[in-house]
Amino acid sequence: MREIVELGRIAHWGLFGRASKEDRKAVREAMEILDIDSFENRLVGELSGGQRQRVMIARAIASKPEILILDEPTTGVDVASLARFYDFLRHLNWEHKMTILFVTHDIGVIAQDITAVLCINQTIAFSGPMSEILSCEKMSTAYGIKAHIISQKLRSGCDHA
């Protein structure tokens, strides 16, 4: 699995294609940030869907990007891993000052963390802050159908009868 993360540094390797100290440090940091260093010697086929996603993101982070582009990154990730994944993205954005371009069909899942939205439905249907798209008219334009917005405040914990 470590070799996959190292592929994120291949563009930085010198003329003879060897990893430098800086490359090894970048790989180690990416694996630590994603908390995947504990299974660095495992085969990718032995990892869960969520773990595989983290390995692929570690590969991207090892390259030290300014912008991280994620296209439907939660596909194949189990529900239990989703919260940790979104916490991780917040950490990258806030602590590492990394811009994240998140491509998804479900903006509700990440709505609390979005600073800007670009909705494309054959053409640009909306571009602006998240707070402005939360109207039925703009959602209808973005999704190409008559939209109804239902907002529900979630509470932590469970009520038992």
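The values are calculated or read from the model by the stated rules, or taken from the named source; none is laboratory data. Keep in mind that what you see is a predicted model, and the values were worked out from it rather than measured. Glycine also receives a Cβ, built like all others from the backbone with ideal geometry; neighbour counts cover every protein chain displayed.
State all residues of segment 115-161 that are at pLDDT 65 or above, under 27 Å from TRP94 (Cβ atoms) and assigned to a loop (DSSP other than H, G, I, E, B); if no residue qualifies, say none.
THR115, ALA116, PRO129, LEU134
If a residue must be in contact (Cβ under 8 Å) with a residue 60 or more places away in the chain and of a type in the set (Gly, Ala, Ser), how many such residues does segment 27-67 contain?
Residues meeting the conditions: 0.
Quick check on my filter: what residues within segment 71-89 are in contact with a strand residue (DSSP E or B) (Cβ under 9 Å, 6 or more places away or on another chain) and surrounded by 11 or more Cβ atoms within 10 Å (Cβ to Cβ)?
Correct list: GLU72, PRO73, LEU89.
So for segment 15-34 (the condition being β-branched (Val, Ile, Thr) and surrounded by 13 or more Cβ atoms within 10 Å (Cβ to Cβ)), does at least one residue qualify?
Yes: one or more hits.
If I filter segment 56-80 down to residues being modelled with pLDDT under 90 and of a type in the set (S, T, N, Q), which single residue comes out as nearest to VAL27 (Cα to Cα)?
So the residue we want is THR74.
Can you find a residue that is over 13 Å from the mean Cα position of the chain (by Cα), in a helix (DSSP H, G or I) and touching a residue at least 40 places away in the same chain (Cβ under 8 Å) anywhere in segment 68-79?
Within segment 68-79 (the criterion being over 13 Å from the mean Cα position of the chain (by Cα), in a helix (DSSP H, G or I) and touching a residue at least 40 places away in the same chain (Cβ under 8 Å)), the answer is no, since none of the residues qualifies.
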